[in-house]
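Right, one structure below, let's go through it.
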Amino acid sequence: MKNLMCLCFVLMSIIVVVSGDACEGDRQDMIRECGQYQKCPAEPKLDPSNACCAVWQKANIPCLCARVTKEIEERWCMDKVAYVANFCKKPFSHGYKCGSHTFLSLVQ
């Protein structure tokens, strides 16, 4: 029984570490491929690259949004983040919360 509990603890620890690493990889990819399109100031809004859109399509957005702090929001323009998300065909749903920002539907 003791060995089974140790095994369960080890497996759960691995799952937590792997999950965290996956989100960190998405964060690094987002910074590298999309940073220039999402940083402040709010204007101009530039169409993102194909590489940026590929990152958006595979990224774990709920995990990334859970890590958004006020400091991040000061560097990343959430209006530009919404623009990139829409352009890349993975828009935020109305009312979606990312950090302290709540996204509204964009009128096209």
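Taken together, the values in this text are just the output of simple stated rules run on the coordinates, not laboratory data. All figures in this text were calculated on a predicted structure; none of them were measured in a lab. Don't worry about glycine lacking a Cβ; one is built from the backbone with ideal geometry, like all the others, and counts go over all protein chains shown.
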How far apart, in nm, are the 7 Å Cα→Cβ label points at GLU43 and ARG67? 3.3 nm
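Length gain on complete extension for the stretch ARG32 to SER93, per 0.36 nm per residue less the alpha carbon to alpha carbon distance? Walk me through the numbers before you get to the answer.
Numbers: separation 61, 0.36 × 61 = 21.96 nm, distance 2.47 nm.
So the chain would gain 19.5 nm between ARG32 and SER93.
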Among the lysines, select those whose C-alpha is under 22 Å from the C-alpha of LYS89, and discard any that sit fewer than 8 residues away in the same chain. LYS39, LYS45, LYS58, LYS80, LYS97
Work out from phi, with θ = phi - 60° and the Karplus expression 6.51 cos²θ - 1.76 cosθ + 1.60, the ³J(HN,Hα) of each residue of segment 92-102, listed in order in whole Hz, and give x for Gly and Pro. 6, 6, 4, x, 5, 9, 9, x, 9, 8, 10
